[in-house]
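Trainee: The structure that follows is given in the form of structure tokens.
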Amino acid sequence: MHALLNETKEFRSAQRIHADLHARGIKVGLTTVYRTLSSLADAGEIDALRQPNGEQVYRHCSSTHHHHLMCRSCARAVEVAGPAVETWASAVARQHGFTEVNHSIEIFGLCDSCASSSDH
């Protein structure tokens, strides 16, 4: 599964990953794919995000903390740093007495290509 995720820059659903594995002759159950993806995400080895439609998608990303811009139409994803967000999150946490805070921010919109197409 690691090799498959390392080959693409796009986020993929568990169902798509399952189908891709089967196309390669790797027979694994969908439940095992979900469980493995969840474990990899919990360990910080892959990124997981919930799309506006509620579907969870996964991809191998850089090892540093980052956020994503994601196209609602073509699912193109761009990793972005957010120093202002990091400062704000730390300040809010301190203000309320929280420590060891984690956060995840995903920004959804239309990429240039999709925004300029006649479909939108």
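The values are calculated or read from the model by the stated rules, or taken from the named source; none is laboratory data. Just so you know, these numbers come straight off a predicted model, no measurement behind them. Neighbour counts are summed over all protein chains in view; Cβ atoms, including those assigned to glycine, are modelled from backbone coordinates with ideal geometry.
Trainee: Out of Glu10, Glu45, which single residue is in contact with a strand residue (DSSP E or B) (Cβ under 7 Å, 6 or more places away or on another chain) and not hydrophobic (A, V, I, L, M, F, W, C)? If you could, list the steps in order and put the result at the bottom.
Mentor: Values: Glu45 fails: in contact with a strand residue (DSSP E or B) (Cβ under 7 Å, 6 or more places away or on another chain).
After ruling out the rest, the residue left standing is Glu10.
Trainee: Let me ask something else about it. Across the range 39-65, what is the number of residues that are surrounded by 15 or more Cβ atoms within 10 Å (Cβ to Cβ), closer than 22 Å to Ile107 by Cα and over 10 Å from the mean Cα position of the chain (by Cα)?
Mentor: Applying the first criterion (surrounded by 15 or more Cβ atoms within 10 Å (Cβ to Cβ)) to the range 39-65 yields 40-41, 46-49, 51, 56-61.
Adding the requirement that they be closer than 22 Å to Ile107 by Cα leaves 41, 46-49, 51, 56-61.
If we keep only those that are over 10 Å from the mean Cα position of the chain (by Cα) as well, we get none.
Residues in the range 39-65 being surrounded by 15 or more Cβ atoms within 10 Å (Cβ to Cβ), closer than 22 Å to Ile107 by Cα and over 10 Å from the mean Cα position of the chain (by Cα): 0 in total.
Trainee: Can you name the residue in the range 3-17 that is of a type in the set (Lys, Arg) and out of contact with any helix residue (DSSP H, G or I) (no Cβ under 8 Å at 6 or more places or on another chain) and is also surrounded by the fewest Cβ atoms within 10 Å (Cβ to Cβ) among such residues? Break it down stepwise before answering.
Mentor: So in the range 3-17, the residues of a type in the set (Lys, Arg) come out as 9, 12, 16.
Remaining after also requiring out of contact with any helix residue (DSSP H, G or I) (no Cβ under 8 Å at 6 or more places or on another chain): 9, 16.
Details: Lys9: 12, Arg16: 16.
Only one residue fits best here, namely Lys9.
Trainee: Are there helices (runs of 4 or more DSSP H) fully within the range 1-92 with at least 3 residues that are at pLDDT below 85? List them.
Mentor: Answer list for the range 1-92: 2-6.
Trainee: Right, Asp20: under 30 Å from Ser116 (Cα atoms) and surrounded by 15 or more Cβ atoms within 10 Å (Cβ to Cβ) or not? Please lay out each step first, then the result.
Mentor: On the way: under 30 Å from Ser116 (Cα atoms): no; surrounded by 15 or more Cβ atoms within 10 Å (Cβ to Cβ): yes.
So Asp20 does not fit the description; no.
Trainee: Same structure again: For the range 81-119, how many residues meet the condition of being surrounded by 11 or more Cβ atoms within 10 Å (Cβ to Cβ), within 26 Å of Gln51 (Cβ to Cβ) and polar (S, T, N, Q)?
Mentor: Residues in the range 81-119 being surrounded by 11 or more Cβ atoms within 10 Å (Cβ to Cβ), within 26 Å of Gln51 (Cβ to Cβ) and polar (S, T, N, Q): 3 in total.
Trainee: Please verify whether Thr99 is out of contact with any strand residue (DSSP E or B) (no Cβ under 8 Å at 6 or more places or on another chain) and either assigned by TED's automatic domain parsing to the domain that holds Ala48 or assigned to a helix (DSSP H, G or I) (or both), treating the condition exactly as stated.
Mentor: Working: out of contact with any strand residue (DSSP E or B) (no Cβ under 8 Å at 6 or more places or on another chain): yes; either assigned by TED's automatic domain parsing to the domain that holds Ala48 or assigned to a helix (DSSP H, G or I) (or both): no.
When the stated conditions are applied, Thr99 does not pass them.
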